[in-house]
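Structure record follows, encoded as structure tokens.
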Amino acid sequence: MEQQALVIALVGVLGIGAQWVAWRTGWPAIVLMLAAGFLVGPVAGAFGYKILDPEAAFGNMLEPMVAIGVALILFEGGLSLDFRELRKYGSGVWRLVILGVPFGWLFGSLAGYYVADLVWPVAILFGGILVVTGPTVVLPLLRQSAVQQRPAALLKWEAIVNDPFGALCAVIAYEYFRRSAEGGTPIEVVPAIAFAAIASAIIGYAAAKFVAWSFPRGFVPEYLKVPVLLVVVVAVFVGCNQIEHEAGLLAVTVMGIALANMHVASLRSIHPFKQNIAVLLVSGIFILLSASLDVEELRGFEWQFGLFLLALLFVVRPATVLLSLAFSDVPWNERLFLAWIAPRGIVLVAISGLFALRMNELGYADGSILIGLSFAVVVATIVAHGFTVDIVARWLGVKGAERPGILIAGATPWTIALAKQMHEMGTPVMLVDPNWHHLRDARREGLPTYHGEILNEATEHKLDLTPFQFLIAGTDNEAYNALVCSEFAPEIGTDKVYQLGDGNDEDRRALPAGLRGRALFTSGFGVNDVHLRQMEGWVFRKTKLSDQFKLEDAEEMLPEAANMLLILSPSGDLRFFTHASTPEPEAGDTIVSFSPPRESTSDVATVKNNGKSSDERPQPA
């Protein structure tokens, strides 16, 4: 019992620790998780002491634990697939599914037989498993890399939808060889598997219908919604696996996609929880699987397997994508990007491990090779694609905004002036307002705008939000600003959503600070404060610092009443001055301030001292 508790704690520390290091360094999180698992598992075992041995700790429970974890990850991924995206990217998605699966299976099988020197049955089965790309690796990769919306959406849909299809391909191959050994024919095998797939999809859809019907009607109390949903997912997965091996993966994927498109309002509250569950599961399963790898399996790696990995990277995947998307409306640069990015993850290893044992039972000796080979595929694709995704995206012109952007809710004179200042400084900005007339001045200034309600779910699908890592709610309604901040805080981060006003807790009529975004300005200027000052002629000014020209010099040069708003680093990173924190600028940073006009009485002394801001005189060296 104590040993299992230590293993669980160590898996959590290593998995979440790797995620945190990835966040701090920008390195691919999956690579770090694999490295952590290898170090405490096979690498430590090579020196005689395996720090983490999941099989010894959990025994026969390890496989079902991993299987249920994969099912929950696929369900969570399905919840992110909204059919409204297919209106923009549908043709590419269907091609990658309908054509990509058979092409990938064919080319993977040929590579397995002719390059890896596997026997035909094992090569065909492994080729089917290789169809998967895996949301466990693709989604974290997209989260870390600012790729444009269309290629990112195509990769996301392909990863989630193709995962159960890859499992079904393996099931079809295995059942065919098993029943052939018993004297069965393809006519007996294919209809049975097709029936299992259809039945599983129907069960998954029915489960989604049940949740969508019962939750809004109050049949499940709020505090039980998440537990009930998790139990239903696990029950659907296990139940459909009784119909056919791995059919449960298809069922939970269909359930997630169906729920996502039923637009159940009561499910919105569980979104942050499901994302947290997905991060925990991805972290834990990667650590467990990489730590479970046996050193002897690594030593059995032969030279032709290296050639197989190269063929997979440079022949199989490119041929699959380019043939699937031939004569489509997807631009060539995006096709080439998709042809390169195809990392494999947990599902590949889990399914390979399952069928490796079963192929051995059928008398195919090469079946035992699949475990080590599947890990080699995972490591090779994750390292190759994880470290090159930014380079390739930039080279092919599919890279999104390089610098963190600001999403601004509300088109007021103050927010338009702020957006104009930041736009001129190279920071991506987007003004969102449901009133077309309010956006008129912003359009006249050439600023990016979106006409729509920012809280509408449709906005997420019509507007690419990936370039924006900061949110400023600046409408005239303080309560609405707080609502926007609370809605976006779980996705963007509570430390990256801002609004005007300091939320004075001493005022019983004020909104509680816990419901608001962070307050802009150290003075805590409210909506009325900035509007009145703007009518008096206050403007935004930028002041660049250097080794000779420090913050103290900038404060002396600026009008006495000026309020610092934010610091822009040379890399584009933003740090805001708030009523609760004051960032420390460095040489090379640019300070953006909200300042009164030079003619104001409060600035006479500054003018007499020849103080000038950076927008009125050359920048100091």
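The values are calculated or read from the model by the stated rules, or taken from the named source; none is laboratory data. Because the structure is predicted, anything quoted here is derived from the model rather than measured. Neighbour counts are summed over all protein chains in view; Cβ atoms, including those assigned to glycine, are modelled from backbone coordinates with ideal geometry. These accessible areas exclude ligands, DNA and RNA; they are computed on the full protein's heavy atoms, side chains included. Shrake-Rupley method; radii C 1.70, N 1.55, O 1.52, S 1.80 Å.
Some points to look at:
- Folded to 0 to 90 degrees: helix 100-114 orientation relative to the chain principal axis, Cα: 60
- Of all accessible heavy-atom area on segment 44-93, the percent that carbon and sulfur account for (1.4 Å): 60
- Counting only DSSP beta bridges with both residues in the chain, the antiparallel share comes to about 50 percent.
- Nearest-0.05 FRET efficiency for residue 192 and residue 25, computed from C-beta distance (R0 56 Å): 0.70
- Between residue 332 and residue 235, the modelled labels are 5.5 nm apart [label points 7 Å from Cα along Cα→Cβ].
- Percent carbon-and-sulfur accessible area, segment 305-416, ignoring ligands, DNA and RNA, probe 1.4 Å: 72
- The longest stretch of the chain left intact once loop-based chymotrypsin sites (Phe, Trp or Tyr not before Pro) with at most 16 other Cβ atoms within 10 Å are removed from consideration, loops following DSSP, is 437-621.
- Given R0 = 25 Å, the distance between the Cβ atoms of residue 388 and residue 83 translates into a calculated FRET efficiency of 0.20.
- Accessible solvent surface per residue of the chain, calculated while the other protein chains remain in place, 1.4 angstrom probe, Å²: 44
- Proximal charge balance of residue 244 [Cβ under 15 Å; K/R count +1, D/E count -1]: 0
- Longest DSSP-loop-exposure-free segment, trypsin sites (Lys or Arg not before Pro), the chain, at most 13 other Cβ within 10 Å: 218-507
- Gyration tensor verdict on segment 53-109 (Cα atoms; rounded if a/c is under 1.5, prolate if a/b is larger than b/c, oblate otherwise): oblate
- Relative to the longest principal axis of the Cα atoms of the chain, the long axis of helix 2-25 lies at roughly 50 degrees.
- Rounded, prolate or oblate (a/c below 1.5 giving rounded, otherwise prolate when a/b exceeds b/c) for segment 1-79 by Cα gyration tensor: oblate
- Here the label points at residue 243 and residue 202, each 7 Å from Cα along the C-beta direction, are separated by 0.7 nm in the simple model.
- Estimated inter-spin distance, residue 117 and residue 444, nm [label 7 Å along Cα→Cβ]: 7.6
- Between residue 362 and residue 584, the FRET efficiency from the beta-carbon distance, with R0 = 56 Å, is close to 0.25.
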